[in-house]
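Contents: one structure, followed by commentary.
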Amino acid sequence: MRKFFCFFMFLFIIVFSFSVDLNLNHLDFLRDKFLIEDEEFYGYWIYADNIGNNYIKKGVSEEGVSCVDDVARVAIVYSELYKIENDELYKMRVKEALDFVLAFQDIDGDFYNFVFDDGSINKLGVTSRKSGSWWAARAYWAISNCLYMFDGDYKNILIKSAKNVEKILENNLNEFGLINGYSDISSVFLLGLTEFYKETNDKQSFDIALRVADGIMSTQFESGVFKGAYNESKDSFLWHSWGSRQAEALIDFYSICKDEKYLNSAIFYADNIFNLILSFGPVYESKDFIKLYEQISYGIETYVSTASKLYNITKKDKYGYYTAFLYSFFEGNNNPNLIMYGDNGEGFDGLHSVYVNSNSGAESTISYLLSKIRLFNIPEKYFKFSDVVFSKYSSAEILEAEKLNSGIYSFSMDNKNNVRIEADSKIVLKNNFLKSLKGNYYIYVSGEFNDGSFLKVYSSANKSEQRLTYDNGFYYGGKLYCDSNKITFSFNSDSKMFIDQILLIPEDYLFVFSKDDLNYFFDGFEVKKTDMNTFSNEVKGSSFFIEYEDYNNSKLLDLKDVYNNNGIVSYDERKKGNFDNPEGIVGASFSYEEFKKKDKNLVFSFDDSYFKVMNYENDNFVLSSQTFLFKEDLKGNSLYIVGASDHGSYSSDFTIYYDDGLVQKESLRFSDWCQKTFFDESIFLSFDYRYGNTGIQENISNHLFLNKFDLRDENISKIIFSSKPTMHIFSITIR
């Protein structure tokens, strides 16, 4: 008993000391016993929903509760940790993960993916049935990557399993050496083949790896927006961040074959794509347009892993810096500057333009942890920059055509895939090009154009004119030197044009940031100190003089000048509302008719106080650091605020300032508009349906909520709200 206790304390000390750098608590929380065909195995829950800062493990009824895809990657995580620190606990976790994976291998060598909560294997689902695809390739990679950890009978079991699935995957290679024609799945197979050869020196595996590596290289783009990337479609243009391990796999293969062409292909990828990702973040997908969000951990991890391996094989400074900067996405170096992990080591499921999806299942947590492990493989001189946030920089830009100023030119909206504009013969679009620095930019456009379409671009006295030519998913529109923050795009055609996104790709990238009170720049090659001033990405907000109306002993604040969001729409205008979609111009909305049913004048009472909902073009404001100033004396006993949150339930601090100099800090809390009350606020109004983002009436109950705050018996001089773009205020009353 004493020996067991000492051994336990030994493991605890190791895990605790290491958890300073890598917190495995949430991954361990997801670990559980699962019944698979009447036998127990340790696996990991695919999802965990964040409910009130507590996580609830969750499966999906049509898929299952745990899967090979995720547990195989858990084995990868622990096998990589074992290389850094020879800890028996990691070896134990690897073995139990591999045992789980092996339980899904069928007699022919192929793998099923999911297990249901009743212990039966999902053999028919499209994401689970045998197909010689993703989960088979991931199982092969995990087994091969972990061979070095074992010997004897268990190693022989793993080798036999790997060779059996290798045959299945080899049989699914097309004439170019790609699994079912796809370069992304093939890259996972190549990672496994390389590791298998390292451990076994199996010539057959090497020969297969050679075919696959050549197949992957054949898909690389030589030009266009995504120059250097690898096409992920069989017959058209497609690229996404997640699963894009082609360059990583080629680097690993180079380590055993020493043929420079594979390393050069990975370098060509990194030197072009990494800067694009530092500009945009790990974009979800690009096909007919760039879909920026949802940005996921699984996306950024592939870049961090590639950069880390590229540094270790070339020892070039820039790839050490790229590793740190790409990882910094998790530390808030992203568009809304939000942290992408939690206190217990949970990797959050996804990032949107103004909020984080803080659910945390196996895939996102594994991807976060593996990204951090890659940092341990680069020297401290690079590692120390892994928490920086870029401020001023010359970066790639995406401009949505429908959000640009068209002046006197008219257009109609087209909702095919992404929202785009439809124009006849000519249209001029203008934008204030505020974020980037001066320099040369390549211009690309997504949409539909005929051969007779031209684009003229102006920046001050500089001009570019180019016939639009298709180039790997986008139309090339010329090159221009931008020397001001204004840019004008003039499209001309002899037929209709559909304009979606305009991309500006700098010839020379420049990222500027601060660290330890010093300013630095990174130009894609080196990091140097600079005198350039950085700026804060924090929203400074605006100030408004607020008047009010006395109504039955209630002071109704007039917020019409503050409103910046259209969240209540009538049936006739239902396709123009946008309460909850900050990344687009249309979204779901409250029904104006539902409000009118409750009071035709839109004046509502609650707690003996009255509230007015405005019926302007905009009817609520998103919290973005607004300051309310009051010319007239304003005081009362209670402050009432009506509003709701979108994409979850949120809280935000605000501050009340009194004329006598005293300050009152409060926390505003609104539940999600389509969920039950999450906080202790009151339900102000409830409705039976809403309008969806396509204008369809959706029978989803929705609500407005009310917060009440006690006030001091003094005049209020101002109220300052913090920035929280997922929270909306519709009405404020003081009584």
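The values are calculated or read from the model by the stated rules, or taken from the named source; none is laboratory data. Predicted, not measured: the structure shown is a model, and the values here were computed from it. Neighbour counts run over all protein chains shown; Cβ positions are idealised from the backbone, glycine included. Only protein heavy atoms, including side chains, enter the accessible area calculation; ligands, DNA and RNA are left aside. Shrake-Rupley method; radii C 1.70, N 1.55, O 1.52, S 1.80 Å.
Hey, with R₀ at 51 Å, roughly what FRET efficiency would LEU102 and ALA461 work out to, going by the Cβ-Cβ distance, to 0.05?
0.15
Quick one: grab the alpha carbon gyration tensor of region 327-447, order the square roots of its eigenvalues as a ≥ b ≥ c, and give me rounded if a/c is under 1.5, else prolate or oblate depending on whether a/b is larger than b/c.
The shape class here is prolate.
Quote to one decimal, in nm, the extra length available between ASP153 and ASP424 on full extension: 0.36 nm per residue of separation minus the C-alpha distance between them.
That pair, ASP153 and ASP424, stretches by 90.4 nm at full extension.
Which lysines have a Cα lying under 16 Å from the Cα of LYS58, excluding residues fewer than 8 positions away in the same chain?
Within the straight-line limit of under 16 Å, LYS58 reaches these lysines: LYS33.
Restricting to bridges with both residues inside the chain, how much of the DSSP beta-bridge set is antiparallel, in percent to the nearest 5?
That works out to approximately 95 percent antiparallel.
Looking at [x] 1.92; [y] 0.92; [z] 1.04, which value of Cα Rg over 2.2 N^0.38 Å comes from a calculation on the structure shown?
Only one option fits the structure, namely [z].
Helix 297-314: angle to the longest alpha-carbon principal axis of the chain, degrees 0 to 90, nearest 10?
Orientation of helix 297-314: about 50 degrees from the principal axis.
Ignoring ligands, DNA and RNA, how do CYS674, CYS482 rank by accessible area with a 1.4 Å probe, largest first?
If we order CYS674, CYS482 from most to least accessible, we get CYS674, CYS482.
Accessible area per residue, 1.4 Å probe, Å², for the chain: what's the number?
Normalised by residue count, the accessible surface of the chain is 42 Å².
Using a 7 Å offset from Cα along Cα-Cβ at ASP653, what residues in region 618-640 end up with backbone N under 18 Å from the label point?
623-628
Points 7 angstrom from Cα along the Cβ direction at ASP494 and VAL126: gap in nanometres?
4.2 nm
Just name one of SER128, PHE274, GLY52: the one whose Cα is farthest towards the positive end of the charge dipole of the chain (beta-carbon charges, Lys/Arg +1, Asp/Glu -1).
Highest projection toward the positive end goes to PHE274.
Using a 1.4 angstrom probe and counting only protein chains, how large is the accessible area of HIS647 in Å², to 10?
The accessible area of HIS647 comes to roughly 80 Å².
Please compute the contact order of region 562-651 in relative form: average sequence separation of alpha-carbon pairs under 8 Å and at least six residues apart, divided by the residue count, as a percent.
The value is 29 percent.
So how exposed is TYR548, as accessible area in Å² (1.4 Å probe, rounded to 10)?
50 Å²
Given labels modelled 7 Å from the Cα in the Cβ direction, how far is it in nm from ARG712 to SER682?
The answer from the label model is 2.5 nm.
Enumerate the residues in region 458-475 having an amide nitrogen under 16 Å from the point lying 7 Å beyond the Cα of SER223 toward its Cβ.
466-475
Quantify, in whole percent, the carbon and sulfur part of the accessible surface of the chain (1.4 Å probe; protein heavy atoms only).
In the chain, the share of accessible area belonging to carbon and sulfur is 46 percent.
Under the 0.36 nm per residue contour assumption, what length would be gained going from the current alpha-carbon distance of ILE313 and LEU338 to full extension?
5.8 nm
For region 172-270, what does the relative contact order come out to in percent, with C-alpha contacts under 8 Å and a separation of six or more?
Averaging sequence separation for qualifying contacts and normalising by length gives 30 percent for region 172-270.
How far apart, in nm, are two points set 7 Å out from the Cα along the Cα-to-Cβ line at ASP214 and at LYS234?
Output for this residue pair reads 2.2 nm.
If you line up the long axis of helix 88-102 against the longest principal axis of the chain, both from Cα atoms, how many degrees apart are they, to the nearest 10?
That works out to roughly 90 degrees.
Quote the FRET efficiency, to the nearest 0.05, computed for SER543 versus GLU62 with a Förster distance R0 of 45 Å and r equal to the Cβ-Cβ distance.
FRET efficiency, SER543 to GLU62: 0.30.
Along region 284-295, what does the Karplus equation 6.51 cos²θ - 1.76 cosθ + 1.60 (θ = phi - 60°) give for ³J(HN,Hα), rounded to whole Hz, x for Gly and Pro?
5, 6, 9, 9, 7, 7, 8, 8, 5, 10, 7, 8
Looking at the square roots a ≥ b ≥ c of the eigenvalues of the Cα gyration tensor of region 216-338, which shape do they give, rounded for a/c under 1.5, prolate if a/b is larger than b/c, or oblate?
In terms of gyration-tensor shape, oblate.
Pairs of lysine in region 90-180 with Cα under 17 Å and at least 8 positions apart or on different chains: total?
Qualifying lysine pairs in region 90-180: 6.
Rounding to the nearest 20 debye, state how big the charge dipole of the chain is about its Cα centre with +1 on each Lys and Arg Cβ and -1 on each Asp and Glu Cβ.
1240 debye
Can you tell me the relative contact order of the chain? Whole percent, Cα pairs under 8 Å, sequence separation 6 or more.
This gives 8 percent for the chain.
According to the square roots a ≥ b ≥ c of the eigenvalues of the Cα gyration tensor, what is the shape class of region 543-602, taking rounded for a/c under 1.5, prolate for a/b larger than b/c otherwise, and oblate for the remainder?
It comes out oblate by the Cα gyration axes.
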